[in-house]
């Protein structure tokens, strides 16, 4: 199976499914999508840029590979928006999967119309400039309280963002897909009018039959 096909198996999973199975990698709840419904899945490219500067982020967006999620450390700044409509438009045309900022974005209407996934802490009309201040691309960053490395798997949806270390993502996938199948059977039982305990038993029997 190709790497792309393996990653695509995550597309059926929600952040909530992963939240049933572990507690690591979940970004702070304050990082929210600019619009809903939204779905984002890709491989992280990490960026760090100082509060008033967007040069490292602009450079990363211009050279990133399709399927990339830009993960941006903003060092506590929520006043200056480092991402907006024009960058979303360019990123969308390049095939990027989304952008996650531990800080502000702008151009809500344009981003929403584009349907380019952007997760951030807040909106701001005050933007960054290209000031060529010290920054990094590809180095580990802390975003939403989570240390994220380039190559990690990043999944975002209506409920939040989770980053999975690249080296453990395959193992986590199998457990998550199994839990998702169990939830499917559990919902079917509840929709059929079963009490929760009976629905759990029916779901367990269904899982055993699938094994």
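Of all the listed residues (135, 145), the sole one being in contact with a helix residue (DSSP H, G or I) (Cβ under 6 Å, 6 or more places away or on another chain) and touching a residue at least 40 places away in the same chain (Cβ under 8 Å) is 135.
When you scan the stretch 41-48, do you find a residue that is modelled with pLDDT under 95, closer than 22 Å to residue 179 by Cβ and within 18 Å of the chain's Cα centre (by Cα), even just one? There is no residue in the stretch 41-48 that is modelled with pLDDT under 95, closer than 22 Å to residue 179 by Cβ and within 18 Å of the chain's Cα centre (by Cα).
Consider residue 124 carefully, then state whether it is over 16 Å from the mean Cα position of the chain (by Cα) and either modelled with pLDDT of 95 or more or surrounded by fewer than 16 Cβ atoms within 10 Å (Cβ to Cβ) (or both).
Values: over 16 Å from the mean Cα position of the chain (by Cα): yes; either modelled with pLDDT of 95 or more or surrounded by fewer than 16 Cβ atoms within 10 Å (Cβ to Cβ) (or both): yes.
Judged against the criteria, residue 124 is a match.
Does residue 101 satisfy the criteria of being in contact with a helix residue (DSSP H, G or I) (Cβ under 8 Å, 6 or more places away or on another chain), surrounded by 23 or more Cβ atoms within 10 Å (Cβ to Cβ) and assigned by TED's automatic domain parsing to the domain that holds residue 30?
Spelling it out, it is not the case that residue 101 is in contact with a helix residue (DSSP H, G or I) (Cβ under 8 Å, 6 or more places away or on another chain), surrounded by 23 or more Cβ atoms within 10 Å (Cβ to Cβ) and assigned by TED's automatic domain parsing to the domain that holds residue 30.
Here the stretch 134-193 is the region considered, the condition is being part of a loop (DSSP other than H, G, I, E, B) and modelled with pLDDT under 95, and the residue that is nearest to the chain's Cα centre (by Cα) is 165.
Per the conditions (1) in contact with a strand residue (DSSP E or B) (Cβ under 8 Å, 6 or more places away or on another chain); (2) under 18 Å from residue 71 (Cα atoms); (3) without any contact (Cβ under 8 Å) to a residue 60 or more places away in the chain, the sole criterion not satisfied by residue 158 is (3). For the stretch 106-119, a residue qualifies if it is out of contact with any helix residue (DSSP H, G or I) (no Cβ under 7 Å at 6 or more places or on another chain) and under 12 Å from residue 38 (Cβ atoms), and the qualifying residues are 112, 115, 117, 119.
Strands (runs of 3 or more DSSP E) fully within the stretch 57-121 that include at least 3 residues being modelled with pLDDT of 95 or more and closer than 20 Å to residue 140 by Cβ: 68-73, 98-101.
The values are calculated or read from the model by the stated rules, or taken from the named source; none is laboratory data. The structure displayed is predicted, hence computed values, not measured ones. Cβ: placed from backbone, ideal geometry, glycine included. Neighbour counts: every protein chain shown.
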